[in-house]
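K.L.:
If you scroll down you'll find the structure; I have some questions about it.
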Amino acid sequence: MSIDQLPDIAQAMVAKGKGIIAIDESNATIKKRFDTVGVECTEENRRAYREMLLTTPNLGDYISGAILYDETLRQKTKDGVPFTEIMMKNGILPGIKVDKGTTALAGFPGELVTDGLDGLRERLNEYAALGAKFAKWRAVININIEEGMPSEACINANVHALARYAALCQEAGIVPMVEPEVIMDGDHDIEDCYVVTERVLRMLFNALFEHNVMLEGTILKASMVIPGKDCPQQADVEEVADFTVQCLKSAVPAVLPGIVFLSGGQSDDDATAHLNEMNKSENLPWPLSFSYGRAMQSAALKIWGADPVNNVAEAQKTVYARAKDNGLAALGEWQ
């Protein structure tokens, strides 16, 4: 694709009532998920599990795209059809996780920066040839107010990497999804989360501007503004929605095609309820949708893992139900 086509792809990713399913777990991460249901983490089992997800009947009704892992982008169904071909036939855009995970930020104990810029241009060109239409890069921002986290240096390092990645994506004709995840771990309150999230987003969009990234061909994958898991004062659904929408309106340019949320350790129902409540807000300048991993997969994994041969259809019913719930939440119509 040329850069002129990127806005159309970005808009398709956040089409009305649709969102993204994230199935981009590394082999190490999916092993942890498989261990919980007693499934051996072999290449064939990973392929079979992801085929179950991607071939869910009518999944394209509510899913516009799927973020894949390198291995998955290259895999085929048991009948020999490339996953990317199945996806495009069903109206689901193939995406690809391109970062190499986080590493400790030297000089700043407890803070992280994401690796993966080395060789990224070549990898993106290969992924484009394999059919990828968009990509994802995740940065990790930890909050610890007492220890001064996140530091200015940590935010700068991560938004700089996100901007360089985004520019390389657009050069390769791929829509960049930028994900500055503000982690829920900790005892910070919702006000602290708001301040940090707003600061990160403002610095991110400044970096994207400095690197000549075309916002019309970019998608933001955002964290919700939510108290830390250990905060004694948790927030209700309306409070999370109000804080998140206000933060986004304060820091995200209206020209952006859309915003998708990560579930970030929330329960399935909480992730859906928060998204639904946000979409009841008036005068939103962009579509608000979802890019959920565990909140889309966890229930289906338990069913599939109990009998990977015979439980495929039952697991797919759960995948479709979760997609439908979140698709309705992206319209503010979930009950």
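The values are calculated or read from the model by the stated rules, or taken from the named source; none is laboratory data. Please read all numbers here as calculations on a predicted model, not as lab measurements. Note that each Cβ is placed from the backbone with ideal geometry, even for glycine, and that neighbours are counted across all protein chains shown.
K.L.:
Considering only the range 298-319, state which residues are of a type outside the set (A, V, I, L, M, F, W, C), farther than 17 Å from I67 by Cα and either outside any helix (DSSP H, G or I) or in contact (Cβ under 8 Å) with a residue 12 or more places away in the chain (or both).
P.N.:
K302, G305, D307, P308, N310, N311, Q316, T318
K.L.:
Going through L220, L162, L215 one at a time, which residue ends up being closer than 20 Å to V245 by Cβ, surrounded by 23 or more Cβ atoms within 10 Å (Cβ to Cβ) and modelled with pLDDT of 95 or more?
P.N.:
When all the criteria are applied, what remains is L220.
K.L.:
Let me ask you something else. Check the range 100-120 and report whether any residue there is under 20 Å from the mean Cα position of the chain (by Cα), surrounded by 18 or more Cβ atoms within 10 Å (Cβ to Cβ) and in contact (Cβ under 8 Å) with a residue 60 or more places away in the chain.
P.N.:
No, the range 100-120 contains no residue that is under 20 Å from the mean Cα position of the chain (by Cα), surrounded by 18 or more Cβ atoms within 10 Å (Cβ to Cβ) and in contact (Cβ under 8 Å) with a residue 60 or more places away in the chain.
K.L.:
What is the number of the single condition among (1) modelled with pLDDT under 95; (2) assigned to a helix (DSSP H, G or I); (3) surrounded by fewer than 20 Cβ atoms within 10 Å (Cβ to Cβ) that A295 does not meet?
P.N.:
Against the list (1) modelled with pLDDT under 95; (2) assigned to a helix (DSSP H, G or I); (3) surrounded by fewer than 20 Cβ atoms within 10 Å (Cβ to Cβ), A295 comes up short only on (3).
K.L.:
Okay, next question. Any idea which of T42, T56, T77 is closer than 28 Å to W334 by Cβ and polar (S, T, N, Q)?
P.N.:
T56
K.L.:
Next question, about the same structure. Quick one: G228 ticks every box in (1) under 16 Å from the mean Cα position of the chain (by Cα); (2) under 18 Å from D270 (Cβ atoms) except a single one, so which number is it?
P.N.:
Going through the list (1) under 16 Å from the mean Cα position of the chain (by Cα); (2) under 18 Å from D270 (Cβ atoms), G228 breaks only (1).
K.L.:
For the range 28-73, enumerate the residues that are exposed (fewer than 14 other Cβ atoms within 10 Å of the Cβ) and assigned to a loop (DSSP other than H, G, I, E, B).
P.N.:
Within the range 28-73, G38, E40, T42, P57, N58 qualify.
K.L.:
Here is a further query. May I ask you to verify whether D185 is among the charged types (D, E, K, R) and under 19 Å from the mean Cα position of the chain (by Cα)?
P.N.:
The answer is yes for D185.
K.L.:
Would you please name the residue that is farthest from L130 (Cα to Cα), looking only at residues in the range 1-27 that are of a type in the set (A, V, I, L, M, F, W, C), at pLDDT 95 or above and surrounded by fewer than 23 Cβ atoms within 10 Å (Cβ to Cβ)?
P.N.:
Ranking the qualifying residues of the range 1-27, first place goes to A15.
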